[in-house]
Amino acid sequence: MTIAVLTNESQRGAIGDLALWPALVDSARSMIPNLARLLDAARKRRLPVVHCVAVRREDLRGANTNAPLFAVANRSGGLRAGTPAVEVMPELGAPSDLVFPKTHGVASLGSTGVDAALRNLGVEEIVLTGVSVNVAITALAFEAVNRGYRVTIPQDAVAGVPPSYADEVLQNSLSLVATLTTVDNLIAHWSQPGVLRDTRSDR
């Protein structure tokens, strides 16, 4: 099985020091060290690590305005291209990682180029992490399944608001389309002989 770890909006402007939604920062605080451990383990096993980061043009041309959540980002001046807000959290990024800007919508494997990159790497299973379970993680899970990927979600490497609601979504909706696990269980699983297939970064 060829596996990649995908993080969504694990960036300074979403869950870090420049975040727009304080409640999401609070919910994600305990997730960040778990996700960092998972990403380190993936890199050691030469699994691709892919980050989707939300990015808007400085002039907001082409930016979504068709949902309430976009109004917050557009009003605040956050998530602008070239600013620190779109940088992957320092503890979660590495030079070998692939980073794709998400310039519109709530989630997309297709329009970001992530789907093409994963297929070029021979990826069959996506380990889905980041924020938020409320919207983007859920949307990505369904899109990935519709595109033929297997999806695994480590529950301690995703976050939503409030945490109790995120837990309900995981148990009652996402469990129907994804395998739910934990970071520790996933790392232990990867250590078993024959589980992983080599995915080289130069492919």
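What follows draws every value from the coordinates through simple rules; no lab data is involved. Predicted, not measured: the structure shown is a model, and the values here were computed from it. So basically every Cβ, Gly included, is an ideal-geometry build from the backbone, and we count neighbours across all protein chains shown.
Rg to Rh for the stretch 93-168: what is it, with Cα atoms only and Rh by Kirkwood?
0.96
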Checklist entry - Of all DSSP beta bridges in the stretch 3-190, what percent run antiparallel (nearest 5)? => result 5
Item to check | Isotropic mean projected area of the C-alpha convex hull, the chain (nm²) | outcome: 10.6
Checklist entry - Taking the Cα centre of each part, how many Å lie between the stretch 113-161 and the stretch 1-62? => result 12
Checklist entry - What is the calculated FRET efficiency for Q192 to R119, with r their C-beta to C-beta distance and R₀ = 25 Å, to the nearest 0.05? => result 0.45
Checklist entry - Tally Lys/Arg at +1 and Asp/Glu at -1 over every other residue whose Cβ is under 12 Å from the Cβ of A159; what's the total? => result -3
Item to check | Contour excess over end-to-end distance, with Cα ends at L176 and T83 and 0.36 nm allotted per residue | outcome: 29.7 nm
Next on the checklist: For the chain, take the longest principal axis of its alpha carbons; what is the angle in degrees between that and the long axis of helix 136-146, to the nearest 10 within 0 to 90?
Outcome noted: 50
Next on the checklist: Suppose we look only past 13 Å in the calculated P(r) of the stretch 1-78. What percent of the Cα-Cα pairs does that tail hold?
Outcome noted: 73
Checklist outcome for this item: Nearest-0.05 FRET efficiency for A63 and V99 at R0 = 30 Å, using Cβ-Cβ distance, is 0.95
Next on the checklist: Can you tell me the length gained on complete extension of the stretch T2 to Y165, counting 0.36 nm per residue apart and subtracting the Cα distance?
Outcome noted: 55.5 nm
Checklist entry - Using 0.36 nm per residue, how much length does the chain from R43 to A23 gain when fully extended, once their Cα-Cα distance is taken away? => result 4.2 nm
Checklist entry - Where does the charge balance sit around V131 when Lys and Arg score +1, Asp and Glu -1, over other residues with C-beta under 14 Å from its C-beta? => result 0
Checklist outcome for this item: If one compares the long axis through the Cα atoms of helix 31-44 with the longest principal axis of the Cα atoms of the chain, the angle in degrees, nearest 10, works out at 50
